[in-house]
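The values are calculated or read from the model by the stated rules, or taken from the named source; none is laboratory data. All figures in this text were calculated on a predicted structure; none of them were measured in a lab. No Cβ is skipped: glycine too gets one built from the backbone with ideal geometry, and neighbour counts run over all protein chains shown.
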Amino acid sequence: MRLCIVSETWAPEINGVAHTLSRLSRELAHYRVDIDVVRPKPACAGPVPEALAELQVPSWSVPGYREVHLGFCRPATLRKFWQANRPDVIYLATQGPLGWSARQAARRLGIPLVAGWHTNFDHYCNDYGVPWLAAATRRYLRHFHNGCALTLVPTHLQARQLRQQGIKDVKVMSRGIDGEGFSPAHRDPALRRAWGVSDHQPVALYVGRLAAEKNLTLLQETYHAMRNVRPDMAHVIVGDGPARAQLESALPDAHFTGFIDPEALARHYASADLFIFPSLSETWGNVVNEAMASGLAVVAFHHAASAELIKSGYNGVTVPIDDPAAFCQAAVTLCQRPADYAKYSRLARLRALEQSWAGIAQQFIDHLEQAQEAYHATPPPCRIRSS
């Protein structure tokens, strides 16, 4: 099979979409899937190692969020690329301008399309002060996805929500985890000493973009409440973004790392005790998987990966998505119960290890083959000629 992936982002860029696509591509190589890539031209990185052919297109950064880029390309340019490197199926990992152009070009050439739901763009409308755009965004997304053979989402809850919004042919494809890369074995006493904590002092960790859509006001409220009941607690925040300066001002005692490399990230996870994740903007949230595999007790909303992986009160704690007070209270309660978060950490790792990338890659291939079969089984539109 020859697959072309169209995406706004790719490793070494640091975000969930880039991580998922890069890891999935490496796994697909074991199944003899040839991969082409269409993406915005990166600032410094070279070609995608896994790609047989690659098209890099012009891009513009999002205003106020310079690390996020949108790709722009005429459908004719994409048609020319695919005529020279015709794929069996195309995977659209973006619904932005690049995804729209790719959708138009692929339909013109008669190539089956599978779309991934990696970003909740309608949710971002509320986070960035334009809630009046949410309804129009949902209409666009419905039109976009219903022009594809399948839409893949990471959770069963999201699949139900999209079907209720009128999006057809929605299937679930979860996300995997590297259980050796993220493991309690990477716990680093020297790193904990750098945070100023002893073996028995708790450390609460957050990993993710520092931006409005991550519900960071609740994060800082929760960190303050936890510190009130556990004055010896350390708070560590991994990531960067436009909200960092404000958060540093609100949490002067927290340790801010900025973006860090994967090896350091694994040590930070394993060296903490609690993972506090208030975001509601994720479609999945790889960081939840990573934290659980690293042996952390997670406090999160019953949403995305947390809803799929956490049985609240057994291997972590989740609360209803409309109850921020319950979120804060859950974190405050758990940080005072070392025996509970030690138990959750062991069971969380066992659950995370069920999410193997090999299994996810096989799911993906099955969906791609299903899309090809469905596309080619659909009869062409009937054209009536006048005599």
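For every residue, the table says whether it meets (1) in a helix (DSSP H, G or I); (2) in contact (Cβ under 8 Å) with a residue 40 or more places away in the chain; (3) in contact with a Cys (Cβ under 6 Å, 6 or more places away or on another chain).
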position	(1), (2), (3)
LEU247	yes, no, no
ALA270	yes, yes, no
ILE276	no, yes, no
SER281	no, yes, no
GLU308	yes, yes, no
ALA330	yes, no, no
THR333	yes, no, no
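Going through (1) modelled with pLDDT of 95 or more; (2) assigned to a loop (DSSP other than H, G, I, E, B); (3) surrounded by fewer than 21 Cβ atoms within 10 Å (Cβ to Cβ); (4) touching a strand residue (DSSP E or B) at 6+ places or on another chain (Cβ under 7 Å) one by one, ALA53 falls short only on (2).
Here GLY241 passes the criteria (1) over 19 Å from ASP188 (Cα atoms); (2) more than 23 Å from the chain's Cα centre (by Cα); (3) not β-branched (Val, Ile, Thr) except the one numbered (2).
Hey, could you check the stretch 252-305 for residues that are among the polar types (S, T, N, Q) and more than 19 Å from ASP199 (Cα to Cα) and say which is surrounded by the most Cβ atoms within 10 Å (Cβ to Cβ)? Here the residue is ASN289. Give the residue that is surrounded by the fewest Cβ atoms within 10 Å (Cβ to Cβ), with candidates limited to residues of the stretch 118-152 that are at pLDDT below 95 and β-branched (Val, Ile, Thr). Among those that are at pLDDT below 95 and β-branched (Val, Ile, Thr), it is VAL130. Could you list all residues from the stretch 75-100 that are among the charged types (D, E, K, R) and part of a helix (DSSP H, G or I)? The answer is ARG79, LYS80. Per the listing TYR223, TYR206, the residue uniquely in contact (Cβ under 8 Å) with a residue 12 or more places away in the chain, surrounded by 18 or more Cβ atoms within 10 Å (Cβ to Cβ) and out of contact with any helix residue (DSSP H, G or I) (no Cβ under 7 Å at 6 or more places or on another chain) is TYR223. Looking across the stretch 201-214 at every residue that is more than 15 Å from ALA331 (Cα to Cα) and not basic (Lys, Arg), the one that is farthest from the chain's Cα centre (by Cα) is identified as GLN201. Considering every residue within the stretch 282-290, establish whether at least one is farther than 15 Å from LEU353 by Cα and out of contact with any helix residue (DSSP H, G or I) (no Cβ under 8 Å at 6 or more places or on another chain). No, the stretch 282-290 contains no residue that is farther than 15 Å from LEU353 by Cα and out of contact with any helix residue (DSSP H, G or I) (no Cβ under 8 Å at 6 or more places or on another chain).
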